[in-house]
1. Going by the structure shown, is residue 281 in contact with an Asp or Glu (Cβ under 8 Å, 6 or more places away or on another chain), among the hydrophobic types (A, V, I, L, M, F, W, C) and touching a residue at least 40 places away in the same chain (Cβ under 8 Å)?
2. With respect to the numbered conditions (1) more than 28 Å from residue 286 (Cβ to Cβ); (2) outside the structural domain of residue 244 (by TED's automatic domain parsing); (3) among the basic types (Lys, Arg), which one is the sole condition not fulfilled by residue 159?
3. Polar (S, T, N, Q), more than 23 Å from residue 307 (Cβ to Cβ) and more than 16 Å from the chain's Cα centre (by Cα): does that describe residue 125?
4. Restricting the stretch 260-314 to residues that are of a type in the set (Asp, Glu) and modelled with pLDDT of 95 or more, which is nearest to the chain's Cα centre (by Cα)?
5. Just to confirm my filter: which helices (runs of 4 or more DSSP H) fall fully inside the stretch 16-131 and include at least 3 residues that are under 19 Å from residue 195 (Cα atoms) and modelled with pLDDT under 95?
6. Would you mind listing the helices (runs of 4 or more DSSP H) fully within the stretch 197-271 where at least 1 residues are among the aromatic types (Phe, Trp, Tyr)?
7. Is it true that residue 237 is in contact (Cβ under 8 Å) with a residue 60 or more places away in the chain and under 30 Å from residue 91 (Cα atoms)?
8. How about the stretch 43-77: which of its residues are among the small types (Gly, Ala, Ser) and in contact with a Gly (Cβ under 8 Å, 6 or more places away or on another chain)?
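The values are calculated or read from the model by the stated rules, or taken from the named source; none is laboratory data. Keep in mind the model is a prediction, meaning the values are calculated, not measured. Note that we place each Cβ from the backbone using ideal geometry, even for glycine, and neighbour counts take in every protein chain shown.
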Amino acid sequence: MSATNSPRHRLLVLVGPTAVGKTKLSLQLAHHWDAEIISGDSMQVYRHMDIGTAKLPLAERDGIPHYMMDIHEPDEPFSVAEFQDRCRELIPDIAGRYKLPFIVGGTGLYVESLCYGFEFSEQGSDEPFRLEMAQLAEEQGNEILHEQLRRVDPESAERLHPNDVRRVIRALEIFRLTGQKMSEQLEVQQRQPQYDLCFIGLTMDRQLLYKRIEARIDEMLEEGLVQEVEQLLQRGYSRSLVSMQGLGYKEIAAYLAGETSYEAAVTLLKRDTRRFAKRQLSWFRRMKDIHWIDVTDSTRYDEHFSQICGIVAGKFR
């Protein structure tokens, strides 16, 4: 069933930058509203990649079902179109059991494309061009492709991380095939809500967010991020895979290969994660339907929770 013909199920959505505090709040909201959680994170779909993706361990999910986690091996492709298709099946299934479907995550394109029914038309492909670009990135680094994209489509370059080689190449390929920017194609999407949406966004003081990001990365390292990356490489997963280009995996893999020091890898990871959070906020800030909650003051957590519950009640009751 297409998104345009699907019933208008209720859909609660919680978004915000990495390390802002979505996980703790999502569990409490799920209990309060009898909801089941769908991960809106493009990296949590991969098995064996738990620490670097901040995947909530099964034992800590408080009995709340979580979907769209651990559904692919790291060397299997995953796309926004697959995310849409799977969620379009999950949402009516959850609603059919009298539970509230609840999207939680920070991958802007994935969440927005589902909520507003983006249609990704096939512009065709140029396989020799893709291979040429992939080889160029392998030989001269990802930044050279990102700089090419910045010249022809600065909006997409701002949105995509240089390590997201597959999507950078796709944006270049679309421009090569159609003469049109990927960002322009996103702009002309109809953006009609496909569900009865209640959209909550979390934000906080930028400097505090950056401190939380750095503390989270330190915690990931203590939990065994280096060992996790090492085990992935030992399993035979190539560093060139899209999954292995994710934040935390690329930097640590470079350290393990002897290309950089541990200290330099961690510094780079923290810097790139801060930049990623800034891009996440920029993406969500341009969306009109989000109720923003500033969670800078952690001593007011109960107040923030009550405020969000009031928004949800006003929308769904």
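1. Numbers: in contact with an Asp or Glu (Cβ under 8 Å, 6 or more places away or on another chain): no; among the hydrophobic types (A, V, I, L, M, F, W, C): yes; touching a residue at least 40 places away in the same chain (Cβ under 8 Å): yes.
No.
2. Failed condition: (1).
3. Details: polar (S, T, N, Q): yes; more than 23 Å from residue 307 (Cβ to Cβ): yes; more than 16 Å from the chain's Cα centre (by Cα): yes.
Considered against the rule, which asks whether it is polar (S, T, N, Q), more than 23 Å from residue 307 (Cβ to Cβ) and more than 16 Å from the chain's Cα centre (by Cα), residue 125 comes out as yes.
4. To start, the set of residues in the stretch 260-314 that are of a type in the set (Asp, Glu) comprises 263, 272, 289, 294, 297, 302-303.
Now narrow it down to the ones that are modelled with pLDDT of 95 or more: 263, 294, 297, 302-303.
Details: 263: 26, 294: 20, 297: 25, 302: 27, 303: 27 Å.
The selected residue is 294.
5. Numbers: elements: 22-33, 80-96, 108-116.
Answer list for the stretch 16-131: 80-96, 108-116.
6. Details: elements: 206-223, 225-234, 249-256.
Once the helices (runs of 4 or more DSSP H) in the stretch 197-271 are filtered for at least 1 residues that are among the aromatic types (Phe, Trp, Tyr), what remains is 206-223, 249-256.
7. Working: in contact (Cβ under 8 Å) with a residue 60 or more places away in the chain: yes; under 30 Å from residue 91 (Cα atoms): no.
Answer is no for this residue.
8. From the stretch 43-77, those among the small types (Gly, Ala, Ser) are 52, 54, 59, 63; that's our starting set.
Hit for the stretch 43-77 is 52, nothing else.
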